[in-house]
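The values are calculated or read from the model by the stated rules, or taken from the named source; none is laboratory data. This one's a predicted model, so the numbers in the text were calculated from it and none came from an experiment. With ideal geometry, Cβ positions are generated from the backbone for all residues, glycine too; neighbour counts draw on all protein chains shown. Surface accessibility is based on the protein's heavy atoms, side chains included, excluding ligands, DNA and RNA. Shrake-Rupley method; radii C 1.70, N 1.55, O 1.52, S 1.80 Å.
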Amino acid sequence: MNSEKHILTMLVDNEPGVLSRVVGLFSGRGYNIESLCVAETTDPEVSRITMVTKGNAPLIEQIEKQLRKLVNVIKVRDLSGDKSVKREMALVCVRAKPENRAEILRIVDIFRCKVVDVGPEYYIVEVTGDEGKLSALLKLLKPMGIKKIARTGTIALFRESA
Amino acid sequence: MKRTGAQILMEILKEEGVDTVFGFPGGAVIDIYDELVKTDIRHILVRHEQGAVHAADGYARSSGKVGVCLVTSGPGATNTVTGIATAYMDSIPLVVLTGQVPTQLIGNDAFQEVDIVGITRPCTKHNYLITQTEDLARTVKEAFHIARSGRPGPVLVDIPKDVSVMEVDYEPIPRIRMKSYRPTYKPNLKQLQKVVDLIREARRPVIFAGGGVITAKGAEPLTALARKISAPVTTTLMGLGAFPGTDPLWLGMIGMHGTYRANMSVNGCDLLIAVGVRFDDRVTGKIDTFAREAKIVHIDIDPTSIRKNIPVTIPVVGDCRVTLQELLKLLEKDGLEVPSDSIRPWLDQVEHWKNTKPLAYRQEDVIKPQYVVEKLYELTGGEAIITTEVGQNQMWTAQYYHFDRPGRFVTSGGLGTMGFGLPAAIGAQMAFPDTVVVDVAGDGSIQMNIQEMATAVECCLPVKVAILNNRYLGMVRQWQELFYDRCYACTGMEHAPDFVKLAEAYGAVGLRATRPDEVEAVLREGLSTPRPVIMDFQVEREECVYPMVPAGASIAEMLLV
């Protein structure tokens, strides 16, 4: 069966140790974590964890069930497919030689990113988008020389229109 | 009203109906012990914290109540880990209370500090570190609620010393409600209707029950279902006692050391009704050949057990007892009568398997371990609570002692913990002071928690230990004989202590049988002695457990005697 990427989002009790329970479940059972995002929701007692994992359908079903079984996990949903909005943010520190600066700014413009820091030799570019947009941008910036990169990992919400 | 944390803890233990605590004191729990002795809760002082958890576990398995233990921080806490993992694998309700260093020292590598919540996260159903006395009552109540509800399991509560010392205003807590923890007890009736349809069409049905039936107190509706639809029944090791072991529909245990007829029946059935099982690898053998011709119904309270190891036709999430009762109602409403002619050829076939390859051994000049278990069954009339260690002793007990009721067979199934049997017997004896409790042991595993003989003697708990002494780590030796060219790497144990003298040194009674004709007399004397007894049966050294399904083979491919 095909191994596919899935975006799982869950609401959990905002308590110490809860992330460790979730992550420990993945490592203990040999599940894969591609990215992980955690932050408080509007309710300070509840946090949202969004993770990207990989597996075939029965494995994803098992992962969801195992997550639901954790006492601190309130709700789990699979947000894969087009019924959800997905975003990721990255900060990319790219080498900006004088001859490349105009090109970088053009790319930044096309991708609707922002240059958030300018140094004598480097720009830091802020980009937000889905996975496809980020990888397309990185592909274009790579030849210029990417010094450092920080990515948030995917977050997602169900579309209210769906 | 002002109360200290330790006093509040005692209130909660009393509210939860705790009458016995198994434990071992230490600096971090000294305040709790100081309050404990002022209550009428009985404390069993073990000799090692692992023994405390297994004893609480044996108490829980035999009585169906939550087992409670109390240990100190650091090594006291780490010594409980094997016991906790044992209970977790077998879904046994325990509350393990551990002391912790004072909150202001946590994280400073203080004396006897260990992150026990971190250590036990993967082997508890849930665990807590209490950081303020105000949270203690609610947390301990939640711990009991989680331990005993849904699919039960061990819950650990870590209590820093200052939390038990501090005084706070205490108000009793009403019912516990948790927003993220609501186990499903009631099955989906539409799913159950599909089960009725499958039962109607089935010509070769088998019921396959596990520990979940015992936990849910579902033995009665299970037996009723089997009789109603004339389906033969097999169980896992954990399920022994969920169906009467003397019933004509009884197939025996399934799996690696299951009976020929149980394994053949599951292999050949066209409908497998699996109740309260989790399709462990010791049960299924090679997974893609397991019950290949069958439609599978899987009833379990834990959704993760369903479709974890095996695809099923009809999944039903629900409590085993409630679900079986609902299923019986639906069958009644449906007016389904099992057409006996249609199912007769199957029952004949099962009978044929039973008669061609029954469990067997040859009794010669040396004592056969199976003979000891058979005699034990005979002399106790099947009425004893039997605990076991792990390995050959456990499998022979499962094969040759027939359990008619739940709660009579106490064994470490999932984790396979050597050293479980003696402390578990102590716990079971606490729960049932007037019942004969026997630990069927091997000479290897009994030495893993032999120190608990002192506990039994001190607390006047007349547990009996029957050692099937072959001076080998027998099950591993069996594998070496069958699959490793008889290279007995490190499985010989020539220098065991003299168990008779050892028993006497502990203040217990020691008996020994070296010839088959002594077995009955030793058992009779041991069972009728109202004190702890060790019976040393010097058995055939290289006896093997048969049938045996080699690891990775289909359960229909058994090595037989």
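Things worth noting here:
- The residue that is farthest from the other protein chains (Cβ to nearest Cβ), counting only those in the stretch A:15-29 that are at pLDDT 95 or above and either open to solvent by 60 Å² or more (accessible area, probe 1.4 Å) or part of a strand (DSSP E or B) (or both), is A:Leu19.
- Selection over the stretch B:481-497 of residues that are over 29 Å from the mean Cα position of the chain (by Cα) and surrounded by fewer than 14 Cβ atoms within 10 Å (Cβ to Cβ) gives a count of 7.
- Search result, residues across the stretch A:30-51 that are open to solvent by less than 60 Å² (accessible area, probe 1.4 Å), without any contact (Cβ under 8 Å) to a residue 40 or more places away in the chain and assigned to a strand (DSSP E or B): A:Ala39, A:Val46, A:Ser47
- Among helices (runs of 4 or more DSSP H) entirely within the stretch B:35-126, having at least 2 residues that are surrounded by fewer than 24 Cβ atoms within 10 Å (Cβ to Cβ) and in contact (Cβ under 8 Å) with a residue 60 or more places away in the chain singles out B:81-89.
- Only listed residue being more than 14 Å from chain A (Cβ to nearest Cβ), aliphatic (A, V, I, L, M) and without any contact (Cβ under 8 Å) to a residue 40 or more places away in the chain, chosen from B:Ile314, B:Ile254, B:Ile287, B:Ile296: B:Ile296
- When the stretch B:117-126 is limited to residues that are more than 9 Å from chain A (Cβ to nearest Cβ) and of a type in the set (A, V, I, L, M, F, W, C), the one that is nearest to B:Leu415 (Cα to Cα) turns out to be B:Cys123.
- Subset of the stretch B:127-147 that is facing chain A (nearest Cβ under 9 Å) and of a type outside the set (Ser, Thr, Tyr) - its residue that is most open to solvent (accessible area, probe 1.4 Å): B:Leu129
- Which numbered condition A:Gln62 fails, given (1) more than 14 Å from every other protein chain (Cβ to nearest Cβ); (2) polar (S, T, N, Q); (3) over 24 Å from A:Gly145 (Cα atoms): (1)
- Failed criterion for B:Asp341 (all others in (1) more than 27 Å from B:Tyr260 (Cβ to Cβ); (2) surrounded by fewer than 21 Cβ atoms within 10 Å (Cβ to Cβ) hold): (1)
- Meets criteria (open to solvent by less than 10 Å² (accessible area, probe 1.4 Å), without any contact (Cβ under 8 Å) to a residue 24 or more places away in the chain, more than 13 Å from B:Met535 (Cα to Cα) and out of contact with any Cys (no Cβ under 8 Å at 6 or more places or on another chain)) for B:Thr455: no
One line per residue, one yes/no per condition, for (1) closer than 29 Å to A:Phe26 by Cα; (2) assigned by TED's automatic domain parsing to the domain that holds A:Ser27; (3) in contact with a helix residue (DSSP H, G or I) (Cβ under 6 Å, 6 or more places away or on another chain):
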{"residue": "A:Asn56", "(1), (2), (3)": "yes, yes, no"}
{"residue": "A:Glu64", "(1), (2), (3)": "yes, yes, no"}
{"residue": "A:Lys69", "(1), (2), (3)": "yes, yes, yes"}
{"residue": "A:Leu91", "(1), (2), (3)": "yes, no, no"}
{"residue": "A:Val108", "(1), (2), (3)": "no, no, no"}
{"residue": "A:Phe111", "(1), (2), (3)": "no, no, yes"}
{"residue": "A:Asp130", "(1), (2), (3)": "yes, no, no"}
{"residue": "A:Leu141", "(1), (2), (3)": "no, no, no"}
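- Considering only residues in the stretch B:377-403 that are over 25 Å from B:Gln447 (Cβ atoms) and of a type in the set (A, V, I, L, M, F, W, C), the one that is surrounded by the most Cβ atoms within 10 Å (Cβ to Cβ) turns out to be B:Phe403.
Each row is one residue, and each column tells you yes or no for (1) under 25 Å from B:Tyr400 (Cβ atoms); (2) out of contact with any helix residue (DSSP H, G or I) (no Cβ under 8 Å at 6 or more places or on another chain).
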site	(1), (2)
B:Ala454	no, no
B:Ile467	yes, no
B:His495	no, yes
B:Asp517	yes, yes
B:Val533	yes, no
B:Ile555	yes, no
B:Leu559	yes, no
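- Residues that are part of a helix (DSSP H, G or I) and surrounded by 15 or more Cβ atoms within 10 Å (Cβ to Cβ) do occur in the stretch B:165-182, at least one of them.
- Pairing each residue of the stretch A:65-76 that is more than 7 Å from chain B (Cβ to nearest Cβ) with any residue that is open to solvent by 40 Å² or more (accessible area, probe 1.4 Å) and assigned to a helix (DSSP H, G or I), provided the two are 6+ apart or on different chains, yields C-beta distances under 7 Å for A:Val76/A:Arg68.
- Residues in the stretch B:332-367 that are under 22 Å from B:Glu540 (Cα atoms) and among the acidic types (Asp, Glu): B:Glu364, B:Asp365.
- Checked against the criterion of being touching a helix residue (DSSP H, G or I) at 6+ places or on another chain (Cβ under 6 Å), modelled with pLDDT under 95 and over 19 Å from B:Leu94 (Cβ atoms), the candidates B:Ile173, B:Ile207 yield just one match: B:Ile173.
- Within the stretch B:431-449, the set of residues being surrounded by 24 or more Cβ atoms within 10 Å (Cβ to Cβ) and closer than 24 Å to B:Val66 by Cβ comprises B:Val437, B:Asp439, B:Asn449.
- Residue match in the stretch B:544-557 (condition: of a type in the set (A, V, I, L, M) and over 30 Å from B:Ile287 (Cα atoms)): no
- Of the residues making up the stretch B:176-193, just one is within 14 Å of chain A (Cβ to nearest Cβ) and in contact with a Ser or Thr (Cβ under 7 Å, 6 or more places away or on another chain), namely B:Pro183.
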